[in-house]
Amino acid sequence: MKDKIAVAAMTAALAVAANAQAAETRCGWIENPTPANWWLEDAENTWTIMTQGEDADAVDGMELIPDISEHDYVKTNGNYGYACACMRVETDGKERITKILSFRQLALAKCRNDKALKFPG
């Protein structure tokens, strides 16, 4: 019985560790150029969050992104545009953000001064 409890505890600990390793902090340009189109462009990649028409359901955690136009923001298309942000996310490891765990909007200067980031657009 002790062995089964030990194995169960170890399995649970490994599952928690695997989930913790899956979360990544990604910082860069958060872009929302048109309705239901969102991505994050960091130094490594352009990460698709959602695209209009393709994503039937919003990404889990999308509600954590506030109205980015209420802070340091560039308007590019009516009510749409881009900002600078850091997000704690889970990705598919290739090009998609699959879950948003946290969101923090930063001053535009933070991304503008980061030479590893391409200017949005």
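Every read-out reported here was derived from the displayed coordinates using simple, explicitly stated rules and does not represent laboratory data. Please read these numbers as outputs of a predicted model, since none were measured by experiment. Note that we place each Cβ from the backbone using ideal geometry, even for glycine, and neighbour counts take in every protein chain shown.
Key figures for this structure:
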{"read-out": "Strands (runs of 3 or more DSSP E) wholly inside the range 20-121 containing at least 1 residues that are surrounded by fewer than 12 Cβ atoms within 10 Å (Cβ to Cβ)", "value": "74-77"}
{"read-out": "Every pair of residues 6+ apart whose Cβ atoms lie under 8 Å, when the first sits in the range 27-42 and is over 18 Å from L64 (Cβ atoms) while the second is buried (at least 20 other Cβ atoms within 10 Å of the Cβ) and hydroxyl-bearing (S, T, Y)", "value": "P33/Y82"}
